[in-house]
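Written out below as structure tokens is the structure these notes cover.
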Amino acid sequence: MTFSPEDVLDALELSAEDPSLPFLEKLFGRFNARVPFESASKIVRDAEVSDPAQKPRVPDVFWSDFLESGAGGTCYARVAAFDALLSDLGFNSRKVLGRVQGDFDHAALFVTIGGREWLADVGFPLPSLLPSGGGEVETETAALSATETERGMHVRFLSGVPDGPRRLEVFRAPVAEDEFLACWRDTFRPDSRFLLNVSLQKRDGPRVITFTRGEVRVDDLHTRTRIPIASERPRRLAEIFGIDEDLLRRAFAIAGDPEPEFPDARLTAWLSVEAEPARAFAAIASPDGYRQLMEGVADVTGEGWRFRLSPPGGAEGGFEEEVEPDPDRRALAVLRRYPDGREVALQFRVDVRDGETWLVREAVLSGAREDLLRNDHARGRLAGTLAVDLLAWARRLG
């Protein structure tokens with residue numbers, strides 16, 4: 001069996017062109033948008049193929065599965081498939097190994113065009129091509145910094161949602177096909193994280209949509225919305241990610257299908273600041289500090305940690321807030337009560353990720369709010385209210 005590049009391009013809604021940087025950028029972006037990063041196909045393959053040598057879903061298998069069921073794959077499978085497609089289209093590409101958590105747990109591609117080499121990392125995947133000599137790149141979902149190392153390239157996320165790995169290294173040394181396959185087969189060891197849980201991801205313009213452990217996450221440059229999928233997960237995920245429902249059901253039957261951590265949706269916003277975590281929290285860690293923070297958006301009255309917030313210049317309307325500080329976590333838990341009886345749980349906290357200080361504002365929404373998967377306007381409006389509070393907090397740090 002040999003896959004047809006023409007059929008793949010049709011599925012990606014692209015036409016063949018001569019090799020060039022603009023065409024590579026189109027292929028890279030469309031691959032990451034249309035071919036999901038997902039572990040379901042790996043879980044099923046591992047369970048149904050007993051011969052370790054045959055477990056990797058080589059490009060013919062990968063592209064056949066994609067065309068038939070919308071399946072994608074994880075790191076090594078994606079890299080091998082994209083490499084095969086590029087080679088058939090006349091590009092000069094080569095597979096390399098790398099490191100996310102440990103040496104050789106990652107793979108990527110270098111592509112040479114017009115004497116210049118580019119990192120095309122569809123294995124992580126990164127949101128953009130990167131020049132092999134290093135540099136900084138701004139994208140819709142994150143800013144990236146690439147620097148040369150003794151072994152190759154070090155890539156660091158400068159922005160975006162600060163969760164999961166924020167650094168990786170790509171080795172420049174050539175890798176033989178048998179070495180690549182050996183490392184790929186090693187990803188089928190029983191403790192591999194991609195065999196333990198069904199995870200799915202696709203890029204959708206300025207959003208990255210991910211499923212893990214019962215919930216769908218929608219990430220953009222500054223926020224994450226966590227939406228629990230309470231029932232019929234295979235059917236709903238098939239609709240969201242375009243993957244065959246039966247494949248998802250088989251993967252869940254093998255790896256398990258845990259319930260979401262929370263029954264209600266959550267929206268979280270982050271802002272990176274250059275301040276020590278203790279100083280960042282101290283700015284809002286007293287009743288007076290919190291009152292001064294909220295006075296930027298409302299008239300604030302109250303005693304101790306109980307406040308009433310009203311629209312500026314008017315005593316009518318507004319709401320009450322009861323705040324509970326947690327200095328050990330550098331957090332404030334806020335319970336907001338509206339006149340109609342509604343209650344909303346909110347939080348301010350300071351996180352430290354990879355040595356960076358992040359201001360965090362979180363809101364617990366009412367219900368699963370699956371509508372936010374479709375309604376970017378509503379999600380953006382909610383995120384904007386959280387961002388205003390973070391900017392006010394950051395201004396208090398000077």
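The values are calculated or read from the model by the stated rules, or taken from the named source; none is laboratory data. Because the structure is a prediction, the values reported are computed rather than measured. Counting neighbours? That spans all protein chains shown, and the Cβs are built from the backbone with ideal geometry, glycine included. Accessible surface is based on the protein model in full, side chains and every heavy atom, while ligands, DNA and RNA are left aside. Shrake-Rupley method; radii C 1.70, N 1.55, O 1.52, S 1.80 Å.
Cut-off 10 angstrom, C-alpha nodes, Gaussian network model of the chain. Which of G29, G296, G317 fluctuates the most?
G317
Once the principal axes of the Cα atoms of segment 211-263 are found, what is the range along each, listed largest first in whole angstroms?
Here the Cα extents, ordered largest to smallest, are 34, 23, 16 Å.
Taking the chain as a Gaussian network, Cα atoms linked when under 10 Å apart, which of R249, R342, R203 shows the biggest mean-square fluctuation?
Of R249, R342, R203, the most mobile in the Gaussian network model is R342.
What FRET efficiency comes out for S366 versus S159 if R0 is 22 angstrom and r is the Cβ-Cβ distance? Round to the nearest 0.05. Walk me through the intermediate numbers first.
Values: r = 30 Å, r/R0 = 1.36.
About 0.15, to the nearest 0.05.
I'd like to check one number: the per residue accessible area of segment 15-90, probe 1.4 Å, reported in Å² as a whole number. Mind showing how you got there, number by number?
Details: 2690 Å² over 76 residues.
For segment 15-90, the solvent-accessible area averages 35 Å² per residue.
Among E48, E136, E117, which one shows the highest mean-square fluctuation when the chain is modelled as a Gaussian network with alpha-carbon springs under 10 Å?
Judging by the Gaussian network model, the answer is E48.
Work out from phi, with θ = phi - 60° and the Karplus expression 6.51 cos²θ - 1.76 cosθ + 1.60, the ³J(HN,Hα) of each residue of segment 108-125, listed in order in whole Hz, and give x for Gly and Pro.
Coupling constants for segment 108-125: 7, 10, 10, 10, 9, 9, x, x, 10, 9, 10, 8, 10, 9, 8, x, 5, x Hz.
May I ask you to give the percent of accessible area on the chain that is carbon plus sulfur, with a probe radius of 1.4 Å? Before the final figure, lay out each step's value.
Details: 8640 of 17910 Å².
Carbon plus sulfur share of accessible area: 48 percent.
Where does the charge balance sit around G302 when Lys and Arg score +1, Asp and Glu -1, over other residues with C-beta under 10 Å from its C-beta? All intermediate terms of the calculation are to be shown ahead of the outcome.
Numbers: positive: R291, R306, R308; negative: E303, E320, E321, E322.
The answer is -1.
With a 1.4 Å probe and every protein chain left in place, work out the accessible area per residue of segment 101-140 in Å², rounded to a whole number.
So segment 101-140 comes to 39 Å² accessible per residue, rounded to a whole number.
So what are the radius of gyration and Dmax for the Cα set of segment 133-204, in Å?
Values for segment 133-204 (Cα only, Rg and Dmax): 15.4, 38 Å.
Does segment 5-77 come out rounded, prolate or oblate by the C-alpha gyration tensor, with a ≥ b ≥ c the root eigenvalues, rounded set by a/c under 1.5 and, if not, prolate when a/b is larger than b/c and oblate if not?
On the way: a/c = 2.33, a/b = 2.32, b/c = 1.00.
Cα axes put segment 5-77 in the prolate bin.
Can you tell me how much longer the chain between Y338 and A392 gets when fully stretched, taken as 0.36 nm per residue apart minus their C-alpha distance, in nm with one decimal? Before the final figure, lay out each step's value.
Details: separation 54, 0.36 × 54 = 19.44 nm, distance 2.27 nm.
Answer, rounded to one decimal: 17.2 nm.
So what is the calculated 222 nm ellipticity per residue for the chain, using -39500 (n - 2.57) for each DSSP H run with n of 4 or more, over all residues, to the nearest 500 deg cm²/dmol? Working shown, then result.
Values: 12 runs with 125 residues, N = 398.
Taken over the chain, the calculation gives -9500 deg cm²/dmol.
Given N residues in the chain, what is its alpha carbon radius of gyration divided by 2.2 N^0.38 Å? List each step's numbers first, then the result.
Values: Rg = 23.6 Å, N = 398, 2.2 N^0.38 = 21.4 Å.
With N residues counted in the chain, Rg over 2.2 N^0.38 Å equals 1.10.
What number comes out for accessible area per residue over segment 147-208 if the probe is 1.4 Å? Units Å², please. The partial results should precede the final answer.
Details: 3130 Å² over 62 residues.
The answer is 50 Å² per residue.
In degrees between 0 and 90, to the nearest 10, how far off the longest principal axis of the chain does helix 75-88 point, with axes built from Cα atoms?
50
Helix 59-69: angle to the longest alpha-carbon principal axis of the chain, degrees 0 to 90, nearest 10?
Approximately 50 degrees, to the nearest ten.
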